[in-house]
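Trainee: Okay, here's the structure, questions in a sec.
The values are calculated or read from the model by the stated rules, or taken from the named source; none is laboratory data. None of the values given here were measured: they were computed from a predicted structure. Quick note on the areas: whole protein, heavy atoms, side chains included, nothing else; ligands and nucleic acids left out. Shrake-Rupley method; radii C 1.70, N 1.55, O 1.52, S 1.80 Å.
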Amino acid sequence: ALKMYQRALRLDPNSVTILQQIWPLSFRLDRPAEGVRYALKAVELDPSNQDLLNRLTQLLVDSGDAERALKLY
């Protein structure tokens, strides 16, 4: 499923809908770096998604990337 979402994202790189599906799937598949990358892109495209923004900043803090978390705040 992840590969299909990645292909879809290549066809439509600004699709928030695809990104909303792909970042949690990446985490479930134990690919946190990919998950963070896709979540950052989703927040960039839809900065009004406060829930995602909060979850992402917490993930960054938990992973030791406080600098990036502060930038999001």
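Trainee: Ignoring ligands, DNA and RNA, what accessible area per residue does the chain give at 1.4 Å, in Å²?
Mentor: I get 67 Å² per residue for this part.
Trainee: Still on this model: Ordered by residue, what ³J(HN,Hα) values in Hz, to whole numbers, does segment 16-22 give under the Karplus form 6.51 cos²θ - 1.76 cosθ + 1.60, where θ = phi - 60° and Gly and Pro are x?
Mentor: Taking θ as phi minus 60°, the curve returns 5, 4, 5, 4, 5, 8, 7 Hz for segment 16-22.
Trainee: Could you work out [θ]222 nm for the chain from helices alone, using -39500 (n - 2.57) per DSSP H run of at least four and dividing by all its residues? Round to the nearest 500 deg cm²/dmol.
Mentor: Mean residue ellipticity, 222 nm, calculated: -24000 deg cm²/dmol.
Trainee: Ok, one more. Using only alpha carbon pairs under 8 Å that are at least six residues apart, calculate the relative contact order of the chain and give it in whole percent.
Mentor: Rounded, it is 20 percent for the chain.
Trainee: Further question: Could you tell me what percent of the accessible area of the chain is made up of carbon and sulfur, with a 1.4 Å probe and every protein chain present?
Mentor: On the chain, the fraction of accessible area on carbon and sulfur atoms equals 52 percent.
Trainee: Rounded to whole Å and sorted largest first, what semi-axes of the equivalent ellipsoid does the C-alpha gyration tensor of the chain yield via the square root of 5 times each eigenvalue?
Mentor: 21, 14, 9
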